[in-house]
Amino acid sequence: MRIEAPAKLNLCLFLGRRRVDGLHALCSLFEPLALADGIEISEATSDEVVCPEVDGENLATRALAALREHGWDHPPLRAEIEKRIPVAAGLGGGSADAAAILRLARDSAGGASERIPNLAAIAAELGADVPSQLDPALALVRGAGERVERLPAPASHAVLLLPGGGGLSTAGVFAEADRLGLGRGDAELDGLAVQLRQAAGAGASPLEYRDLLANDLEPAARSLRPEIGEALDALREAGAPLTLLTGSGPTAFGLFPDLRAAETAASALDRDDAIVCAAGGAA
């Protein structure tokens, strides 16, 4: 069996203040991309996750272990991950792989929630991006990532990604955001959520409500990785109607109305790290 684990794009990310549990309240729009890791599932004598591109414990390994702890009795399996999503790039690759393993468990039970009653809770324990990727779709994400509100699929559009080599620590970016004093109050986040729900709720392309979109983590990420600013400038010069940072970075991206426009911009940039992929209805 082969399953896909789509990357996620933060169309915006509004940062709340640090909570008592050490996490930050967020308000974000997530959308899945056509860019995805491939995971080959096969029988094994014991559970095994193979992913040479990721050093240390893989989040998919933790997902599989958590399923076993919650009573999933599927025979042992081997999951071999073919990484296409750049690692530590703000595109949710590790979370995507973990969510794909959780989906596998859900689907193998025929969708019967009684077999794995705590799937959403397991996802939240694994990481802030995992709950939204249990069922990849455009979503308004609140809390620390555990509150996921599905929205209609947006009109098709395309994305030009500049990962910049990846390798930027999410924890490090949030710590830098705290040092810089970034963060909005709960009332402001609530107001932004209302605006985003109204703008995206009719299935519009995000290019139609681009004025609402921003990433509050950009100053912190650029403080740690100044070349992010150069990537954003390059995307603007290549004609991207909207340029942003996704997640905690370092991936800068430009949104385009279609793949042809994104591919033309990528050719103009002539960068080895450029990735063009579909989003929205075209994914």
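The values are calculated or read from the model by the stated rules, or taken from the named source; none is laboratory data. It should be emphasised that the depicted structure is a prediction, and the values quoted were computed from it without experimental measurement. With ideal geometry, Cβ positions are generated from the backbone for all residues, glycine too; neighbour counts draw on all protein chains shown.
Here's a check for you: in the range 31-78, which residue that is touching a residue at least 60 places away in the same chain (Cβ under 8 Å) and β-branched (Val, Ile, Thr) is surrounded by the most Cβ atoms within 10 Å (Cβ to Cβ)?
If we take residues in the range 31-78 being touching a residue at least 60 places away in the same chain (Cβ under 8 Å) and β-branched (Val, Ile, Thr), then 39 is surrounded by the most Cβ atoms within 10 Å (Cβ to Cβ).
Hey, can you tell me all the residues within the range 26-68 that are assigned to a loop (DSSP other than H, G, I, E, B), aliphatic (A, V, I, L, M) and modelled with pLDDT of 95 or more?
Answer for the range 26-68, where residues must be assigned to a loop (DSSP other than H, G, I, E, B), aliphatic (A, V, I, L, M) and modelled with pLDDT of 95 or more: just 44.
From 98, 128, 158, 153, grab the single residue that is part of a helix (DSSP H, G or I) and of a type in the set (A, V, I, L, M, F, W, C).
Selected residue: 98, the only one of 98, 128, 158, 153 that is part of a helix (DSSP H, G or I) and of a type in the set (A, V, I, L, M, F, W, C).
Which of the residues that make up the range 69-102 are of a type in the set (D, E, K, R), closer than 22 Å to residue 278 by Cβ and either modelled with pLDDT under 95 or touching a helix residue (DSSP H, G or I) at 6+ places or on another chain (Cβ under 9 Å) (or both)?
Of everything in the range 69-102, those that are of a type in the set (D, E, K, R), closer than 22 Å to residue 278 by Cβ and either modelled with pLDDT under 95 or touching a helix residue (DSSP H, G or I) at 6+ places or on another chain (Cβ under 9 Å) (or both) turn out to be 83, 84, 97.
Just the residues that are in a helix (DSSP H, G or I), under 21 Å from the mean Cα position of the chain (by Cα) and either of a type in the set (Gly, Ala, Ser) or at pLDDT below 95 (or both), please, taken from the range 186-228.
193, 199, 200, 220, 221, listed by residue number.
Please go through the range 217-266 and pick out each residue that is under 24 Å from residue 26 (Cβ atoms) and of a type in the set (S, T, N, Q).
Of everything in the range 217-266, those that are under 24 Å from residue 26 (Cβ atoms) and of a type in the set (S, T, N, Q) turn out to be 223, 243, 246, 248, 251.
Taking the conditions exactly as written (surrounded by fewer than 19 Cβ atoms within 10 Å (Cβ to Cβ), hydrophobic (A, V, I, L, M, F, W, C) and not in a helix (DSSP H, G or I)), does residue 268 satisfy them or not?
no
Scan (1) in a strand (DSSP E or B); (2) more than 21 Å from the chain's Cα centre (by Cα) for the single condition residue 278 breaks and write down its number.
(2)
Kindly evaluate residue 84 against the criterion of being surrounded by fewer than 19 Cβ atoms within 10 Å (Cβ to Cβ), under 30 Å from residue 191 (Cβ atoms), touching a residue at least 40 places away in the same chain (Cβ under 8 Å) and not aliphatic (A, V, I, L, M).
No: the conditions fail for residue 84.
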